[in-house]
Amino acid sequence: MELRALVMGLAFAVMWSSAFASARIIVADAPPLAALAIRFFISGTLAVGIAAALGQTWRLTRGQARATIVFGLCQNALYLGLNFVAMQTVEASLAAIIASTMPLAVALAAWLAFGERLPPLGIAGLVAGLAGVALIMGTRVQEGADPWGVSLCVVGVVALTFATLSVRGASSGGNVLMIVGLQMWVGSAALFVPALLFETWEVEPSWTLAIAFAYTTLVPGLAATVVWFLLVGRIGATRAATFHFLNPFFGVAIAAVVLGERMGWTDLAGVAIVMGGILAVQLARATPAPAVPADR
């Protein structure tokens, strides 16, 4: 892999993983759904504006329109909305580890629901990755982690998995940045409804909150998305997805440095197992299936 692609992949992993620490800061002083809705509106407006300046159009193909709606609802509203609510009581490191299992969930669902071939290495990776997550979750719950918050994180991963499988290949045809911006607008509109109905809009203003909100909006929200699509365009989706195996480590490490969250030996062992499982699954899915001899 060339050096530029390696740097882009590492940058994406760090930015994606850092979102959980900044989100934890935000939800401590602001209503989670309202904060996320405003973040998506700002990020979406920036993305749409840049896309329009680049000559991208609002006219989407049927697949792109479906991707915009499904991802806007499932990824932005459900997945991130549930994670923001959960992180009022769940540590950022645990939320990051659960979210990092998305490649495992996608591989498992594709194998069971669509019959996608998964070699023995991939099956071993699935078992190892899920075992690592179970080890961390079990230990954290025994130590007092909120089971309800953990459940919200798990449901969020299921929603993101559904979105990923339902719109595979729908990003073809260009207008990528425009689609990203419109997805954020869909998520913002969907989140504003429960935010207005169920949340009390009380904010404890501080420089910490302002910096965390600006960072979340611009870096994980916008920059990481742009880097990801550039990386996919450079080396392909399957090879780019291998960088997801770094997310558990970076998520735990950043939460420990920024928030002072403790990192025990069980966490380290579980993270190592999850990382190995994700890497094994991605490498197995990247291996081409053996050719089937033609009938004579």
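Just so you know, all these numbers are worked out from the coordinates, no wet-lab data involved. Everything numeric here is computed off the predicted structure, so don't read it as measured data. Glycine also receives a Cβ, built like all others from the backbone with ideal geometry; neighbour counts cover every protein chain displayed.
Most exposed first by the Cβ proxy, i.e. fewest other Cβ within 10 Å, how do SER206, SER22 rank?
Exposure proxy ranking, most exposed first: SER206, SER22.
When the chain is fully extended, how far beyond the present Cα-Cα distance does ILE123 get from LEU218, taking 0.36 nm per residue of separation?
So the extension gain works out to 30.5 nm.
Calculate the length of the line joining the C-alpha centroid of the stretch 29-86 to that of the stretch 262-282, in whole Å.
Measuring centre to centre over Cα atoms gives 30 Å.
Could you work out the relative contact order of the stretch 3-286? I mean the mean sequence separation of Cα pairs under 8 Å and 6+ apart, divided by the number of residues, in percent.
That works out to 43 percent.
Take peptides 128-136, 81-89 and line them up by average Cβ neighbours within 10 Å, highest first, as a rough protection proxy.
81-89, 128-136
Would you please name the trypsin sites (Lys or Arg not before Pro) within the stretch 7-75 that are DSSP coil residues with at most 11 other C-beta atoms within 10 Å of their C-beta?
ARG59
Quick one: order ILE273, ILE97 by neighbouring beta-carbon count within 10 Å, fewest to most.
Neighbour counts put them in this order, fewest first: ILE273, ILE97.
Would you mind ranking GLU116, GLU204 so that the residue whose beta carbon has the fewest other beta carbons within 10 Å leads the list?
Final ranking by Cβ density, sparse to dense: GLU204, GLU116.
Report the one residue of LEU46, LEU73, GLY233 whose Cα lies farthest in the direction of the positive end of the charge dipole of the chain (charges on C-beta: Lys and Arg +1, Asp and Glu -1; origin at the Cα centre).
GLY233
Name the most mobile residue of ALA255, ALA269, ALA95, meaning the one with the largest mean-square fluctuation, in a Gaussian network model of the chain with Cα contacts below 10 Å.
So, out of ALA255, ALA269, ALA95, the one fluctuating most is ALA269.
Explain nothing, just the number: dipole magnitude of the chain about its Cα centre with +1 on each Lys and Arg Cβ and -1 on each Asp and Glu Cβ, in debye rounded to the nearest 20.
Dipole size: approximately 1080 debye.
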